[in-house]
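Here the structure comes first, spelled out in structure tokens, and everything after it is commentary.
No lab work stands behind these numbers, since they all come straight from the coordinates. Computed from a prediction, not measured in an experiment: that's the story for all the values here. Reconstructed Cβ throughout: ideal geometry from the backbone, glycine too, with neighbour counts over all protein chains shown.
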Amino acid sequence: MKHLPQAVVVQVLAGELGKSDVDGICKGIDNARITAPSLPYILDMANVRFVPSVGMGVLVGLNQEFRSRGQRLIFAGLQTDVRQTFAVTHVDRILEIMDDLPTALRSVGADA
């Protein structure tokens with residue numbers, strides 16, 4: 001996790017985003033919110049090749065939690081298969097998705 005002045009970047013290292021991996025991300029975000037309670041968060045998912053339905057459900061819930069606080073959660077760098085899965089399930093309609101990390105950083109006013 002990298003705290004920048006304009007955002008918190010969470011680099012997701014897992015290739016397959018199972019429930020335990022997503023739970024770990026949520027725990028890290030909860031801990032980071034203590035020092036950055038209102039900053040946008042960017043999930044850099046460039047390494048993720050597959051998100052099963054359980055993982056996707058947790059990500060959608062996390063997104064809803066951010067929305068309820070009026071806080072941005074940006075998903076960046078989705079690989080083609082993950083992006084297609086999000087499109088087929090229409091999850092892409094509710095998540096804020098950016099092509100890559102530099103684009104997401106520019107969207108929050110940070111240098112890429």
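With 10 angstrom as the radius, rank Arg72, Arg67, Arg93 by how many other C-beta atoms surround their C-beta, starting from the fewest.
Ascending number of Cβ neighbours within 10 Å: Arg93, Arg67, Arg72.
Near the amide H of Phe75, under 5 Å away, which other amide H atoms are found, from residues 5 or more places off or on another chain, if H is placed in the peptide plane?
Leu43, Glu96, Ile97, Met98
May I ask you to evaluate 6.51 cos²θ - 1.76 cosθ + 1.60, the Karplus curve with θ = phi - 60°, for each residue of region 96-102 and list the ³J(HN,Hα) values in order in whole Hz, giving x for glycine and proline?
Karplus values, whole Hz, x for Gly and Pro: 8, 10, 10, 4, 7, 4, x.
How large is the helix-only mean residue ellipticity at 222 nm for the chain, computed as the sum of -39500 (n - 2.57) over DSSP H runs with n ≥ 4, divided by its residue count, in deg cm²/dmol to the nearest 500?
Rounded to the nearest 500, the figure is -12500 deg cm²/dmol.
How much FRET efficiency would the formula 1/(1 + (r/R0)^6) give for His90 and Ser68, where r is the Cβ-Cβ distance and R0 is 35 Å, rounded to 0.05?
Efficiency computed from Cβ-Cβ geometry: 0.95.
Please check: in the Gaussian network model of the chain (C-alpha springs, under 10 Å), which one of Ala87, Ala76, Ala36 has the largest mean-square fluctuation.
Result for the chain, Cα springs under 10 Å: Ala87 fluctuates most.
Just how large is the dipole of region 2-107 about the Cα centre, in debye to the nearest 20, putting +1 at every Lys and Arg Cβ and -1 at every Asp and Glu Cβ? If you can, show how the numbers build up before the last one.
Details: 11 positive and 11 negative charges, 58 e Å.
Roughly 280 debye for region 2-107.
With Cα extents along the principal axes in Å as the read-out, I listed (1) 34, 25, 25; (2) 47, 25, 23; (3) 63, 42, 20; which label goes with the value calculated from this structure?
(1)
Just to be sure I understand: of the beta bridges DSSP finds with both ends in the chain, what percent are antiparallel, rounded to 5?
15 percent
Among Ser20, Leu39, Phe75, which residue has its Cα furthest toward the positive end of the charge dipole of the chain, with +1 on Lys/Arg Cβ and -1 on Asp/Glu Cβ?
Farthest along the dipole direction, towards plus: Leu39.
Between region 1-34 and region 48-97, what's the alpha-carbon centroid distance in Å?
13 Å
Can you give me the long-range amide H partners of Leu4? Hydrogens built in the peptide plane at 1.01 Å from N, cutoff under 5 Å, separation of 5 or more residues or another chain.
Val9
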